[in-house]
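Engineer: There's a structure below that I have some questions on.
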Amino acid sequence: MSQNKWRKLRRENGEIVEKKEVVKEIGVRKILKDNWKFLAVLCLGIVAIYFNGMWGGFVSDDYASITQNPEILDFGGTMKTVHIPAIANMMIAKIFGIES
């Protein structure tokens, strides 16, 4: 039965028909607001999984690409290359240092 027929039946029975306005809130804020508990548990789980490895040393290819690279700390030179691994290695060296 359509919505108009339901309204007509309600009017005939003396019921008051209220207009309900539906306001849809969309976007990132809505998603974060609705799912904040899940996202908080997810972030805590990720930190718990990787917590043990936060103080680990460099391994295999890290020595050649980070510790033995003289240009690793040169921000301008690294940004000119627009090479994602080089930029990531530069950020790692800036944040954690290049000492093994």
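The values are calculated or read from the model by the stated rules, or taken from the named source; none is laboratory data. As the structure is a computational prediction, the values presented were derived from the model and not from experiment. Heads up, the Cβs are rebuilt from the backbone with ideal geometry, glycines too, and the neighbour counts pull from every protein chain shown.
Engineer: Here's a check for you: in the range 42-81, which residue that is among the polar types (S, T, N, Q) and either in contact with a helix residue (DSSP H, G or I) (Cβ under 7 Å, 6 or more places away or on another chain) or under 16 Å from Ile92 (Cα atoms) (or both) is surrounded by the most Cβ atoms within 10 Å (Cβ to Cβ)?
Structural biologist: To start, the set of residues in the range 42-81 that are among the polar types (S, T, N, Q) comprises 52, 60, 65, 67-69, 78, 81.
Now narrow it down to the ones that are either in contact with a helix residue (DSSP H, G or I) (Cβ under 7 Å, 6 or more places away or on another chain) or under 16 Å from Ile92 (Cα atoms) (or both): 60, 65, 67-69, 78.
On the way: Ser60: 7, Ser65: 17, Thr67: 14, Gln68: 11, Asn69: 17, Thr78: 21.
Here the answer is Thr78.
Engineer: Still on this structure: Being charged (D, E, K, R), closer than 23 Å to Met54 by Cβ and modelled with pLDDT of 75 or more is the filter here; which residues of the range 68-100 pass it? Give the derivation first.
Structural biologist: Residues of the range 68-100 charged (D, E, K, R): 71, 74, 80, 94, 99.
So of that shortlist, the ones also closer than 23 Å to Met54 by Cβ come out as 94, 99.
Within the range 68-100, just Lys94 meets the criteria.
Engineer: Restricting to the range 66-82, name every residue that is among the β-branched types (Val, Ile, Thr) and assigned to a helix (DSSP H, G or I). Even if it seems obvious, please write down each step before you answer.
Structural biologist: Pass one, the range 66-82, residues among the β-branched types (Val, Ile, Thr): 66-67, 72, 78, 81-82.
Once the filter is applied, which keeps residues that are among the β-branched types (Val, Ile, Thr) and assigned to a helix (DSSP H, G or I), the range 66-82 yields Ile66, Thr67, Thr78, Thr81.
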